[in-house]
Each structure stands twice: as C-alpha cells, then as structure tokens.
Amino acid sequence: MDLLHSAGVQVVQYLQENYQGSQDWFLFISFAADLKTTFFILFPIWFHLCEAVGIKLVWVAVIGDWFNLVFKWMLFGQRPYWWVRETSYYGNTTTPVIQQFPLTCETGPGSPSGHAMGSAGVYYVMVTALLPGLLGTQHRSCAARCLRGLLWLVFWAVQVCVCLSRVFLAAHFPHQVMAGVISGMVVAEAFDHIPAIYNASLRRYVGTTLFLFSFALGFYLLLKALGVDLLWTLEKAKRWCDRPEWVHIDTTPFAGLLRNLGILFGLGLALNSQMYLESCKGKMGQQLPFRLSCIVASLLLLHLFDSFDLPTDRELLFYVLSFCKSTAAHLCAVALIPYCIAQVLRRGHKKIL
C-alpha cells in the first residue's frame, strides 16, 4: 500500500503545483459535492417537481453514505495529508510537501471517498430520471442519442471534477475517489430495483433509521471491545492538520451518520403526515404555481436551518441536536411549508369567489 500511497502523493503534488490557480474552483467543487448540497438544495427542487425522484435522492444519499461509513471502518484508509507526515516509506530522503486547505482535514478514514460516492449516486439518480422524460418515445433517433450522450458526458465531467478536487485538496488518494464513484453508482442502480421506498410507511422509516443506527453503533462497540478503535483517525486529523480550526466536528463519522438519519426520519414523518396528504396529494399539489412556491419557500427555510450553528463544546449533545435539526428541517420542507402555502392559496381563492 505504501507504493500506491506514494504514487497518490505524487498526483497530489502535481495537481497542487500545476493547477494552483484553480484552487478556488476545486474548493467550490468539493463544497458543492458535499451531501448537504443534495439535502438542502437539490432535494427540495426535485421533490416538489417530481416527488419520486426527490424521495429516491434521499434514500440513495443516506444509504450510500451509511455504506461509505461501514466501508471506511472496514478498510482503514489513510488520507494524504497525514500519511505523508508519519510514514517511514521515504526513509532518509526528503518527504514530499503537500499543501492543506480549509476542506482538507476530514476526520474519518479515507477509503472510499464520501464526496465522490455521494456525488456519483446523486447525479446518477438525476441523469436516469431525466432521460425518460427528455427522450420520450424517440429514444432511437439521432437527437435522442446525442442528448443521452450529452447527459452522461455531464455526469462524468462532474465526477472527474469532484475526484480531482478531493485529490488536489489532499483529502483523498486517487484510488479512493475512483472507488467512491463506482460504489455510488452501484448504490444508485440498486435502488432502481427497490420500488418500496416510494410508498414506505412511517413504520418502515422508523425501522430503517433504527437499524442503520444500531448496526453502526453495534459495529463500533464490538470492535472497540476487541481493542480496535474505529475513531483512530480523529487523533491523526488533530495532530497533522496545519490549523486546528480546520478540524470540524461535523466531519466525524457519527456526526454525518446522525445528520443523515435525521433527514431520512424527517422525510418519513412528513410523507406520512396529514399536512402532506392535504396539500401535496390534493388538487393543489398538481398546480405548477403551488409547486414553485413550495420550492422557493423550502430553499429559504432549509438555508435558515443550515445556517444555524449548533454548540460544539459537548460532542454527544451536538450529535443529538444534529439529528433533531435535520429531522425538523425536512419535516418542514416536505409537509409544513406545502400545507401553509396550500392554506394561503385556498383562502385567496375563496376571497376571489
């Protein structure tokens, strides 16, 4: 593995030395590829335009990130920014110097890349959702083939940018981002064969949330009892990160797990609520002005939720509040906001009559 890691460090150095002027672009790509973008921007847009795609986005993102966490705990992947400083591979030769950035110091294991896996899964869902509607019955025509090729070209262009970004930032080795892309596509493709997610009951959402959390916690406690600390990367991040403020608690494995489970649980509560049934499932829910109003209001509200900082001085409290915050945010976006908008539009319609 040292040979593979050293080759990866050379790629990091090459990108940092030759594409230093693209630093802001790579930082933006890494920020945009975070699952927060999916949950707080892409999801409300897709959900209020096509509910099935929005629901699938959440399931693919949450389950994919859960698998990513399990894979990371099993593979014990290194990250370039700490590996290069503590390895004995270089012996008496000069150790390569790689630059760090505000998004470099991730605290979890490195393999596979969560950004690459999440981006591949999410964009795979969106591309496969767009193809049938855009191609229609003319799927064999020349124009349809060109359009299909263009969509997949955009997909791969996004994945290449995400992979280059994560390697440039020294957050991942090249083989880790490639593994992430492949894993993300596999998860997204698997959900094409699980139609039960679109009509899942609240009981199924609760059961899935409890299972995912219990499995992850049980796996962690079991290995800890056997003398294996799955949070071994936290010490490395704090030790080798150039600036302590770049080490964020919300990048820890359990922070991401509880944030995602809160979103899945919030979606389940909303979809099985009376507010959702009275608004989105009625005649009002089929009207474009209603859907567009829901998108705008949801984006604004989710931005407010995202900008609300949680206290980080107590780790356990942060995890609990992160779960509650994610649950409340998506309960509001899916059920409360459509219900309120529907009530306002109905009263306005009655006044006109």
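The values are calculated or read from the model by the stated rules, or taken from the named source; none is laboratory data. The model shown is predicted, which means the values in this text are computed figures rather than measured ones. So basically every Cβ, Gly included, is an ideal-geometry build from the backbone, and we count neighbours across all protein chains shown. In case anyone asks, the SASA skips ligands and DNA or RNA and just uses the protein heavy atoms, side chains included. Shrake-Rupley method; radii C 1.70, N 1.55, O 1.52, S 1.80 Å.
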Under 25 Å between alpha carbons - lysine pairs in the chain that sit 8 or more apart or on different chains: 18
Ranked by how many other beta carbons lie within 10 Å on average, peptides 260-272, 301-313 from highest: 260-272, 301-313
Relative contact order, percent, the chain [alpha-carbon distance under 8 Å, six or more residues apart]: 23
Per residue value of the accessible surface for the chain (all protein chains in place, 1.4 Å probe), Å²: 49
Cα-Cα separations in the chain greater than 24 Å, expressed as whole percent: 60
Helix axis angle, 253-271 relative to the chain longest principal axis, alpha carbon, degrees: 10
Qualifying trypsin sites (Lys or Arg not before Pro) in the stretch 120-204, DSSP loop, other Cβ atoms within 10 Å at most 10: ARG140
For the stretch 196-353, alpha-carbon Rg relative to the globular expectation (2.2 N^0.38 Å, N residues): 1.33
Distance histogram for the stretch 169-278 (every C-alpha pair counted, 10 angstrom bins, percent rounded to whole numbers): 11, 27, 36, 20, 6, 0
Calculated log₁₀ intensity ratio I(q)/I(0) where the Debye formula runs over C-alpha points of the stretch 73-145, q = 0.23 Å⁻¹: -1.09
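Jot down the per residue volume, in cubic angstrom and as a whole number, of the convex hull over the alpha-carbon atoms of the stretch 192-247.
Roughly 160 Å³ of hull volume per residue.
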Centroid-to-centroid separation of the stretch 8-87 and the stretch 282-319 [C-alpha atoms, Å]: 21
Relative contact order (percent, whole number), the stretch 97-183, Cα cutoff 8 Å, 6+ residue spacing: 58
Overall dimensions of the stretch 1-131 as given by Cα atoms, namely Rg and Dmax in Å: 17.7, 60
Candidates ALA342, ALA116, ALA188, ranked by Gaussian network fluctuation over the chain, Cα under 10 Å, top entry: ALA342
Within a Gaussian network of the chain (alpha carbon springs, distance under 10 Å), most fluctuating of ALA52, ALA216, ALA200: ALA200
